[in-house]
Amino acid sequence: MTRLAQRLSVVQPSASIEISGLAAKMRAEGIDVVSLSQGEPDFETPAAIREAAKAALDAGATRYTDVDGTPALKQAIVEKFRRDNGLAYQTDEISVGAGGKQVIFNALMALVDPGDEVIFAAPHWVSYPDMVRLAGGTPVAVRCPAESGFKLTPAKLEDAITPRTRVLILNSPGNPTGAGYTRDELVALAAMLLDHPDIVVLTDDIYEYLVYDDFEFCTLAEVEPRLKSRTLTINGVSKGHAMTGWRIGFGAGPADLIKAMAVMQSQTTSNPASVSQAAAVVALGQPLDDIRARNVIFAERRDLCFDALNATRGLTCRMPEGAFYLFPNCEGLLGRRTPTGETIEDDKALARYLLTAARVAVVPGSAFGLPGHFRISFASDTERLLEACRRIDEACLALQ
């Protein structure tokens, strides 16, 4: 048996990808499974962006580019931050990677030494703790239940900070809950962070455009300019522009950090795909009409799933401000028995039960650092969402 590196012992496969793989395997066997486990818009990439990629191919844009992004894409990102967030950057303060995940990973590898602590709210995106561990750091997940809106408060953050704290990660709107920080909430966090000048902040804003009702998206460097010099503002085209497979993410921050991240990327993937970069230039320059139209549909899906899950015995659900997730509490079902006599001991057991008995794939909340919940993505066809909610309701009613 091949001897593997010790560092892999601290890393777990992505739970959402694992569940999606199981669902795909069942579908390949002819089983009708509704997968609500993966965070991917079901809409096609807009036509203008696809046409830009075709034009780039015809123009021969198929060779290596600068390691961390073409000048044209960096300039488009500079303009995006100026237009949408009121933030002024130079192109040497921009890093482009193969998705937002790579940008975050590069930043952590550039910032974190063994023993350094990285704080984030729990529930959290599944990859944060493992990326911190791979960088040699210690993940510090601060429990933020539904009662606090699934959000970090200044008091909770203050309690979590130690002399070893190096990085804070803020995700808004967040995965897995869709919770978004208001301007006032960010101002309060910023006021506290000003007292801790050694902490670097990574703001994961990948769901910036996916917000509903009257929620106003803000980002930390925007609401408190004094933190801009130690904030890496991370975004990408995957979610808002329906470009998950194109793999383009980007970050804006201090030039010395951006340069260090480029060194890291130069020894791993090198440049993101050239054609994807050309398409992203067009995506970032497009009016937001397509996004707004999709958001109307997402909001309708959110509302129907929210109503259905809250009407299901044993489930309670908070209304999210953004993204395309719901994160229902399932503690009312734990301890019950399935029709075959098995006990639903935890959220993992419930997820297995829903997959096998209801043929619906969800991700257990324990994968996100907050057990007693599960995550669904409502980025799916409305008819299939209704069917999934019906199946979940029947399966929950069948528990004794």
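Segment residue 31..residue 6, full-extension length gain: 5.2 nm, with 0.36 nm per residue of separation and the alpha-carbon distance subtracted.
Sorting the segments 51-58, 314-321 by their residues' average number of neighbouring beta-carbon atoms within 10 angstrom, most packed first, yields 314-321, 51-58.
Ranked by the mean number of other Cβ atoms within 10 Å of their residues, highest first, the peptides 292-299, 347-354 fall in the order 347-354, 292-299. The packing ranking, built from the mean of other Cβ atoms within 10 Å per residue, places the peptides 59-65, 160-166 in the order 160-166, 59-65, highest first. Here the gap between residue 352 and residue 187, fully extended at 0.36 nm per residue and compared with their Cα-Cα distance, gives a gain of 55.3 nm.
For the chain, the longest principal axis of the Cα atoms and the long axis of helix 255-266 meet at an angle of about 70 degrees. Please build a GNM for the chain, connecting alpha carbons under 10 Å apart, and tell me which residue among 219, 269, 231 fluctuates the most. Highest fluctuation among the options: 269.
For the stretch 150-206, the Kirkwood radius over C-alpha pairs fed into Stokes-Einstein at 37 °C and 0.692 mPa s yields D = 277 µm² per second.
Projecting the Cα positions of 265, 186, 202 onto the charge dipole of the stretch 158-270 (unit charges on Cβ atoms of Lys, Arg, Asp and Glu, taken about the Cα centre) puts 265 furthest along the positive direction. Amide H to amide H, with H built 1.01 Å from N, residue 142 comes under 5 Å of 120, 121, 122, counting only residues 5 or more places away or on other chains. Rank 270, 148, 377 by mean-square fluctuation in a GNM of the chain with C-alpha springs under 10 angstrom and give only the top-ranked residue. Residue with maximal mean-square fluctuation among 270, 148, 377: 148. When both the stretch 19-67 and the stretch 328-347 are represented by their alpha-carbon centers, they are found 35 Å apart. Across the chain, C-alpha contacts under 8 Å between residues 6 or more apart give a mean separation that, scaled by the residue count, equals a relative contact order of 22 percent. Rolling a 1.4 Å probe across the protein heavy atoms gives the chain an accessible surface of 43 Å² per residue. Database remark: amide H of residue 165 closer than 5 angstrom to the amide H of 117 (H placed geometrically; neighbours at sequence offset of 5 or more, or on other chains; Pro and chain starts carry no H). Antiparallel beta bridges, as assigned by DSSP with both residues in the chain, represent about 45 percent of the total such bridges. Rolling a 1.4 angstrom probe over the chain with all protein chains present gives an accessible area of which 52% lies on carbon and sulfur atoms.
The values are calculated or read from the model by the stated rules, or taken from the named source; none is laboratory data. If you're wondering where the values come from, they're calculated on a predicted model, not measured in any experiment. As a convention, Cβ positions derive from the backbone with ideal geometry for all residues, glycine included, and neighbour counts pool all protein chains shown. We work out accessible area using only protein heavy atoms, side chains counted, and drop any ligands, DNA or RNA first. Shrake-Rupley method; radii C 1.70, N 1.55, O 1.52, S 1.80 Å.
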